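Visitor: Please see the structure below; I have some questions.
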Amino acid sequence: MRKRSTFGNRFGTVAVVGGSVVGLGNIWRFPYVAGENGGAAFIIIYIIISLMISVPIMLTEFSIGRYSRRNSMRSFKKLSDNPLWQGVGFMGIATAFIILSFYSVIAGWSLEFLRESVAGTLTNSSPEQIKNNLDTFIASGWRPALWTVAFVVSSCTIVGLGVTKGIERANKVLMPLMVIILVGLAINSFSLSGFKEGVDFLLRPDFSKITWSVGLEALGQSFFSMSLGMGAMITYGSYIKRSENMFKVAGTVAISDVTVAILSGLAIFPAVFSFGISPTSGPDLVFITLPNVFAQLSGGYIISILFFFLLFAAAITSSVSLVEVIVAFVSEEFRISRLKAVILATVSVTAVALMCSLSQVPDSALTIAGYNLFDVADNLSSIVLLPVGAILIIVFAGWVMDKDIFRNELTSRGHHGTTLYPAVRTMVRYVIPIVIAMLFLSKLGLI
Ligand code: PHE
């Protein structure tokens, strides 16, 4: 059997995993979900969850993947005879589909905004025009649909050509650049009239706003942002070197992920209050807020081009990890060539993504229980599918998988994190499943 290739040094591993993890989840989704859930109190829970719950789950997914060196569904097969567990792998593939369907829509918006930035229309608009432009763009139906298709085709082509390595290399430059821009925008926030209000919203918690439902939103956001609960990190784990200290990788990735999200919040909320935008604007939030900042910034023309290009780049490095999960599964399970699998993935993802895009047109009939398909896909994946997937993965690791295999893998055969191991195991076996189950039961009104 051919030796499975592995990532290079630690920086390489972190950069590749970071490419999947840092994306629209941090820059687009985090601010809008934080805005809808009251700001600071939500953010504190989100940070606690990311460090205490998401890191152990990431370690668990890495361990499963690194041990079995297979795609996520095969990993379960290798570790347990019970075919039911392969269902977890299968669920992850369905989740990848659903995430791609709305993710591609927002990534498509970033392309439209890149186009408008280059044309100069974005930075020449008043706050009302910025909002109207976005509304007209969405209402046209076909314009966002075209960008969505363009994005899906680009992601699938990258996977098909097998140039993800090149993309990852580019990412080592692009990601730090995005951080620099966000830091710059956060610093610029000091000069905005809404600075104090924005920072209060982000950093001064009103604990009365904490409810079970806010907890579940924070959990879902953290899983989405760290690409957990659907097997992407099992797949990435399968490329991690046997000698690598996974605690350091997961810790660095988690801290980077949270930092990018907070920076994005600092870039956005002072502007939200300065321009009289509602923090509960929903998925539009970033797209109606930042253009206002760029419009009044000297050098805003160039910065807006760079920003939307980098947002697109961040989105594509995340979406290739989703497409890869689908393509690996289809080609290996149906024994068809990768090219055929890529074509199949392109066609099917395009179809679902188009429906999500068109469902945003006002009065569209593409709704479920009164919510458009886009919102359904967005919420369903973070609030239901990823937490359910995560609970199944850790119950598998904590209760089904051989104890010694888990220990050996997690600690790289006793070389790293042996003192932390008992704590991680307790979290994985008891604490995390109970916390997730409680959040669900209370959301359903059962406790
Ligand atoms: N974590 C990615 C982001 O923040 C999205 C993603 C979720 C990617 C799940 C892969 C798997 O944009």
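Visitor: On a C-alpha basis, how far is the centre of region 411-431 from the centre of region 99-156 in Å? Whole number, if you could?
Guide: Using only Cα atoms to place each centre, the spacing works out to 45 Å.
Visitor: Next question, about the same structure. Using a Förster distance of 56 angstrom, determine the FRET efficiency expected from the C-beta separation of LYS196 and SER243, and round it to 0.05.
Guide: So, using R0 = 56 Å, E works out to roughly 0.70.
Visitor: With a/c under 1.5 counting as rounded, go ahead and sort region 227-364 into rounded, prolate or oblate using the C-alpha gyration tensor (a ≥ b ≥ c being the square roots of the eigenvalues; past the cut-off, prolate if a/b is larger than b/c, else oblate).
Guide: Oblate shape, in that a/c is at least 1.5 and b/c is the bigger or equal ratio.
Visitor: May I ask you to rank LEU358, LEU373 by accessible area, largest first, using a 1.4 Å probe over the protein chains only? Kindly include the intermediate steps, with their values, before the conclusion.
Guide: Values: LEU358 70, LEU373 35 Å².
These residues rank, largest area first, as LEU358, LEU373.
Visitor: While we're here: Each residue of region 92-105 in order: what ³J(HN,Hα) in whole Hz does its phi give by Karplus 6.51 cos²θ - 1.76 cosθ + 1.60, θ = phi - 60°, with x for Gly and Pro?
Guide: These are the phi-based 3J(HN,Hα) values: x, 5, 4, 5, 4, 4, 5, 5, 4, 5, 9, 4, 5, 5 Hz.
Visitor: Quick check for the chain: number of Lys pairs with alpha-carbon distance under 21 Å, counting only pairs 8 or more apart or on different chains?
Guide: Lysine pairs meeting the criterion: 14.
Visitor: With just the Cα atoms defining each centre, how far is region 371-401 from region 238-271? Give it in Å.
Guide: A separation of 20 Å, based on Cα centres.
Visitor: Near the amide H of GLY39, under 5 Å away, which other amide H atoms are found, from residues 5 or more places off or on another chain, if H is placed in the peptide plane?
Guide: none
Visitor: Another question, if that's okay. Each residue of region 197-206 in order: what ³J(HN,Hα) in whole Hz does its phi give by Karplus 6.51 cos²θ - 1.76 cosθ + 1.60, θ = phi - 60°, with x for Gly and Pro?
Guide: 4, x, 5, 4, 4, 7, 10, 9, x, 10
Visitor: Give me the percent of the accessible area of region 225-346 that comes from carbon and sulfur atoms, probe 1.4 Å, all protein chains in place. List each step's numbers first, then the result.
Guide: Values: 2490 of 3710 Å².
Its accessible area is 67 percent carbon and sulfur atoms.
Visitor: Return the distance in nm (one decimal) between the two label points of a simple spin-label model at ARG169 and THR121, each offset 7 Å from Cα along Cα→Cβ.
Guide: For ARG169 paired with THR121, the spin-label model returns 3.7 nm.
Visitor: Shifting gears a bit: Label points 7 Å out from Cα along the Cβ direction at ASP363 and SER442: separation in nm?
Guide: My value for the distance between the label points is 4.2 nm.
Visitor: Continuing with the same structure: Rounded if a/c is under 1.5, else prolate if a/b beats b/c, else oblate: with a ≥ b ≥ c from the C-alpha gyration tensor eigenvalues square-rooted, which is region 99-247?
Guide: Cα axes put region 99-247 in the oblate bin.
Visitor: Now a separate question. What accessible area per residue, rounded to a whole number of Å², is obtained for the chain using a probe radius of 1.4 Å?
Guide: On a per-residue basis, the chain sits at 39 Å².
Visitor: Further question on the same structure: State whether region 169-215 is rounded, prolate or oblate according to the following rule on the C-alpha gyration tensor (a ≥ b ≥ c being the square roots of its eigenvalues): a/c under 1.5 gives rounded; otherwise a/b larger than b/c gives prolate, and the remaining case gives oblate.
Guide: oblate
Visitor: I would also like to ask the following. Using the Karplus curve 6.51 cos²θ - 1.76 cosθ + 1.60 with θ = phi - 60°, what ³J(HN,Hα) values do you get for each residue of region 391-400, in whole Hz, with x for Gly and Pro?
Guide: My calculation for region 391-400 gives 4, 5, 4, 6, 5, 4, 5, x, 10, 9 Hz in order.
The values are calculated or read from the model by the stated rules, or taken from the named source; none is laboratory data. Just so you know, these numbers come straight off a predicted model, no measurement behind them. Ideal geometry is used to build each Cβ from the backbone, glycine not excepted, and the neighbour counts take in all protein chains shown. Areas reflect the complete protein model, heavy atoms only, side chains present, ligands, DNA and RNA absent. Shrake-Rupley method; radii C 1.70, N 1.55, O 1.52, S 1.80 Å.
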